[in-house]
Amino acid sequence: MRHLILLSSVLLAACTTVPPTNVHQPMTVRPEARPVLATGNGAIYQAGNSRPLFEDRRARFVGDTITVKITENTSASKKASNNLTRSGSQSASVTAFAGLPVGGLNGLDLSANSATNFAGKGDAANNAVFTGNLTVTVIDVLPNGNLLVSGEKQIAIGTEQEFIRVSGVVNPAFVDFSNTVDSAKIADARIEYKSSGQIADGQVMGWLARFFLSVLPF
């Protein structure tokens with residue numbers, strides 16, 4: 001009975017395993033401690049305020065958040081066609097063998113023909129569309145001011161869980177007034193959409209079938 005309970009626990013844990021990720025880690029971080037701001041002196045300009053006076057509030061420190069507008073639309077196609085034709089013919093004839101005992105070969109004709117044809121054609125196409133919004137966290141500020149961001153969104157629908165993950169390097173100049181940046185303007189972007197649950201497991205080949213598929217030569 002104890003072994004049956006242990007086996008059930010392992011199977012349930014396997015069903016709720018979080019899919020592995022390739023995005024930059026960690027996917028969230030606490031803001032760094034900042035110096036205590038100077039006491040307000042009544043003036044409009046405060047020396048202790050680290051944000052510019054006439055600039056929109058945009059992410060610039062570790063722990064700040066940025067909204068990423070995912071607008072990925074990629075397509076690729078390839079087409080190839082080959083056509084090869086080759087033909088040849090040869091002929092020979094024997095007119096006379098004067099003075100030789102092989103006169104029976106007089107008038108013999110020899111001919112040979114050959115032909116080779118080859119035709120090949122191939123087409124390939126790929127199209128992917130991914131849209132959505134995701135707010136990520138600044139996990140590091142590079143020496144040149146660029147921001148390394150990373151974030152995750154989890155959506156649970158019944159027994160299914162969807163994971164949307166984004167990470168990359170953002171140039172603060174590309175962040176608009178609403179603190180939003182397009183995914184196409186993120187360097188070293190890593191965008192993932194993965195799921196776990198019964199539907200996701202149903203799309204994976206069983207381990208025994210994968211074993212035989214890898215060892216069988218046919």
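Each peptide among 66-79, 111-124 gets the average number of other Cβ atoms lying within 10 Å of its residues, and from highest to lowest they stand as 66-79, 111-124. Modelled this way, with points 7 Å down the Cα-to-C-beta line, the labels at VAL62 and SER214 are 4.0 nm from one another.
With a Förster radius of 22 Å applied to the C-beta separation of VAL169 and ASN22, the computed FRET efficiency comes to 0.90. In this simple spin-label model, placing a label point 7 Å from the Cα along the Cα-to-Cβ direction at both LYS69 and TYR193 gives a separation of 1.8 nm.
Lysines within cross-link reach of LYS78: Cα-Cα under 24 Å, excluding same-chain residues under 8 positions apart? Within reach: LYS121.
Remark: the Cα gyration tensor places segment 120-164 in the oblate category, a/c being 1.5 or greater and a/b not exceeding b/c.
We did not get these values from a lab; they are worked out from the coordinates using the rules stated. Worth saying up front: this structure is predicted, and the values here are computed from it rather than measured. Ideal geometry is used to build each Cβ from the backbone, glycine not excepted, and the neighbour counts take in all protein chains shown.
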